Amino acid sequence: MKPICFYKKSNTTPVKVKRILQIISPFTLVIIIIIFIWNIITHGSIQHPGKSSYQTKCAQCHGDNGEGIRVLIPPLLHSDFAKNNFDSIPCWLKNGISHKIMVNGVEYEQPMYGLDMDEVQIANVMNYLSKELLDTNCEINSIEVKAKLINCN
Ligand code: HEC
């Protein structure tokens, strides 16, 4: 006797879908890579994790590009003072700086107040500063920042 095949007809659609998926699946990876490259092209590069902290915590005074504000706020861009005292930056960010300083040959004397930042934010912002504004290869991690914060005077 001939068997009755109830499912034969309804089976044809999933098979078709399966077939379509089989055809397009090799391209999905290619599409993802294209979107990724397109993102890098349109957004310049993948954003540094310290950039958003810089923009919310530092840029209002030091400027978006670290240019400073004339005689009032010293620049961070290529600041010799920040390069030579990189290790002291965690304490400056925690407690502020209020003495006369010399940055790239110009004297500044406005106080900078301590900022409410944790060691991870400080490390990220310092690495952003080092790479993008000071043009150095100094790097610091949150454990090193924490150790420096304990020894601030
Ligand atoms: C309210 C304004 C203000 C904010 C916000 C601020 N600063 Fe400053 N910063 C100053 C001033 C003013 C000085 C100069 C202090 C002095 O003359 O003693 C200074 C000095 C510095 C210096 C040393 C001088 C130099 O230019 O190299 C560094 C480094 C620095 N700031 C980094 C930062 C970073 C990083 C942030 C953000 C996390 C930040 N500041 C946020 C006002 C600010």
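The figures follow:
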| quantity | calculated |
| --- | --- |
| The one condition in (1) touching a residue at least 24 places away in the same chain (Cβ under 8 Å); (2) more than 9 Å from the ligand (Cβ to nearest atom) that ARG70 fails to fulfil | (1) |
| Candidate set: segment 56-67, residues that are under 16 Å from MET117 (Cβ atoms) and surrounded by 13 or more Cβ atoms within 10 Å (Cβ to Cβ); chosen: the one farthest from the ligand (Cβ to nearest atom) | ALA59 |
| Filter result (within 22 Å of GLN60 (Cβ to Cβ), more than 6 Å from the ligand (Cβ to nearest atom) and under 20 Å from the mean Cα position of the chain (by Cα)) within segment 73-92 | LEU77, HIS78, PRO90 |
| Residue in segment 119-131 that is surrounded by the fewest Cβ atoms within 10 Å (Cβ to Cβ), counting only those that are more than 17 Å from CYS61 (Cβ to Cβ) and within 12 Å of the ligand (Cβ to nearest atom) | ASN127 |
| Qualifying positions in segment 93-107 - within 20 Å of LYS57 (Cα to Cα) and either of a type in the set (Phe, Trp, Tyr) or surrounded by 13 or more Cβ atoms within 10 Å (Cβ to Cβ) (or both) | LEU93, LYS94, ASN95, ILE97 |
| Sole residue being under 17 Å from GLU132 (Cβ atoms), out of contact with any strand residue (DSSP E or B) (no Cβ under 9 Å at 6 or more places or on another chain) and exposed (fewer than 11 other Cβ atoms within 10 Å of the Cβ), chosen from ILE32, ILE46 | ILE46 |
| Among the candidates VAL125, VAL103, VAL71, VAL120, residue that is of a type outside the set (Lys, Arg), out of contact with any strand residue (DSSP E or B) (no Cβ under 8 Å at 6 or more places or on another chain) and farther than 20 Å from PRO49 by Cα | VAL103 |
| Residue list for segment 60-94, filter: part of a helix (DSSP H, G or I) and either among the basic types (Lys, Arg) or outside the structural domain of ILE140 (by TED's automatic domain parsing) (or both) | LYS83, LYS94 |
| Selected residue [at pLDDT below 95 and either farther than 30 Å from ILE150 by Cβ or not small (Gly, Ala, Ser) (or both)] from LYS16, LYS94 | LYS16 |
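The values are calculated or read from the model by the stated rules, or taken from the named source; none is laboratory data. Remember, it's a predicted structure, so these values are computed and weren't measured experimentally. Glycine gets a Cβ as well: all are built from the backbone with ideal geometry, and neighbour counts include every protein chain shown.
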